[in-house]
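Peer 1: Dropping a structure here in structure tokens format, bear with me for questions.
Values in this text are rule-based calculations from the coordinates and carry no lab data. Fair warning: this is a prediction, and the values are worked out from it, not measured in the lab. Neighbour counts run over all protein chains shown; Cβ positions are idealised from the backbone, glycine included.
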Amino acid sequence: MATRQQQVRLQIHQLMDACLFALTFWVAVQLRGLDWVMEFFQLVPPPPEGTIFWYFLVLIPLSPLVLEWQGYYNLSLSESHWNKAWVIVRSCAIITGALILLSFFFQISFARLVVIWFGLISAVALYAKDELLRKLLANRFMASHYGRRILLLGMPDEVEEMRRQVARLPMETIQAVDACNVVESSMEELAACLHEYSTNIVIISGRHLPFDKVEETIRVCELEGVEVWLMADFIRTEFSRTSFATLGDRPYLVFRAAPEASWQSLVKQLMDFVGALVLLALLALPMTVLALLIRFNSPGPVLFRQKRAGLNGRPFTMLKFRTMVTNAEQLKQELEALNEMSGPVFKITRDPRITPIGRFLRKYSLDELPQLFNVLVGDMSLVGPRPLPVDEVARFDDMAHRRRLSVRPGLTCLWQVSGRNDVKDFEEWVRLDLQYIDNWSLWLDFKILLLTIPAVFSGTGAK
């Protein structure tokens, strides 16, 4: 239940956690400087404390982002101790690793023992903070003052289902105090229930209610100053996630079948830009050598340009090192009968259009390197569904396949690390793309990037 109050609480928690990590780092530094510690571990005196400032600049914004990335703020109060401990340890390890990388890249000299102690102390402190909050929220005094009392309105079967859902909520401070059939109840009876139970929230199931009845109920709650939640299950969806938005002064229900804008998506865009820039700088010389090999191996341009379907199907010009003869598109019509891929995609083993150097480039995906320029300008991402030619997208026979266009296309994807071209069923290809979209996270992107490295170097499934 994501209310405005909970959003404020989340922001407070994030600020507390940022301060907690800064505090634990300061404690680790102070422990390292104690005389008996230096004597026991035979350590030299620590460097000046002025360098701590740079670590604070990283820790304070980074720690909440990493915790959110790892799902820490989605943990319920009733989460098992092992699950919570694993998320905390994983998050602290990532933050500690980031500090080590900071020291390495910016040549900041710091005692290794400080970083190790920081990781241990921060994990213990974060877990202790969570346990303290759990005890406080379970306290009767806290529950009576800060508890949320819910009144359920709807048809009898809907009310029972809502009651079971509320009972399964992990938050001890939420309680369903009463329920009634809003069709049979008058507005006076509704107001009496609000007064009797000092209700905080009214949840209405609008599936079988006329909208005038829903509007009248909301008006009563509005006059009472009671928050109303309208269950929007009167519109059935398969996989869309529902949210609320306003456009001007009008409220809207939003049904979103792709990842929404978030801190993670902003970090992904930054990672794409910086990653493409760094890789282009590192690979400038190898790419120049490859360009010369292509130029002298067969007649024609070095780069192959083709219109591909980008975000929401918007065409863009994708760049590749040319691996085929110059009249490859004309020869494609003659080879259609040999297509080994189901659906609109065209792929065959030992394609006669591929040049000798092109076969090598394709085996190790070196022909894809110019797409780093596409990533740099924002047409593509490092990770995402592979972009298909515009004409192949136009031949989709199932409109559900177009949902793979709801995110920016990428250099690598789940299909790429799941056998690459050994996947011959287009339905399986789309299933992997939609699985990526429905489960997207920065952590998933990171895993796909790591899995891409051995897949590329092995040349498995390449054509």
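Peer 1: Rounded if a/c is under 1.5, else prolate if a/b is larger than b/c, else oblate: which is region 263-458, with a ≥ b ≥ c the root eigenvalues of its Cα gyration tensor?
Peer 2: Oblate.
Peer 1: Let me see the P(r) profile for region 188-272: every Cα-Cα distance counted, bins of 10 Å, each bin given as a percent of all pairs.
Peer 2: Calculated P(r), rounded to whole percents: 13, 34, 28, 16, 7, 1.
Peer 1: How far apart, in nm, are two points set 7 Å out from the Cα along the Cα-to-Cβ line at E260 and at N312?
Peer 2: Output for this residue pair reads 1.7 nm.
Peer 1: Moving on to the next point. Would you order W26, W263, W117 from fewest to most other beta-carbon atoms within 10 Å of each residue's own beta-carbon?
Peer 2: W263, W26, W117
Peer 1: Here is a follow-up. Provide the gained length on full extension for the span E160 to W86, in nm with one decimal, where the gain is 0.36 nm per separating residue minus the Cα-Cα distance.
Peer 2: Extending this stretch completely gives an extra 23.1 nm.
Peer 1: Tell me, in nm to one decimal, what length is gained between R402 and V302 on full extension, where the rule is 0.36 nm per residue of separation less the Cα-Cα distance?
Peer 2: Result for the pair: 32.9 nm of gain on full extension.
Peer 1: Next up: Using the per-residue mean of other Cβ atoms lying within 10 Å as a proxy for protection, in what order, highest first, do the peptides 383-394, 216-227 fall?
Peer 2: Ranked from most to least packed, the peptides come out as 383-394, 216-227.
Peer 1: Shifting gears a bit: With 21 Å as the limit, write out which pairs from K84/K135; K268/K307; K129/K268; K268/K447 have Cα-Cα distances beyond it, or answer none.
Peer 2: Correct reply: K268/K307; K129/K268.
Peer 1: As a footprinting exposure proxy, order H401, H208 by other Cβ within 10 Å, with the fewest listed first.
Peer 2: Sorted ascending by nearby Cβ count, the order is H208, H401.
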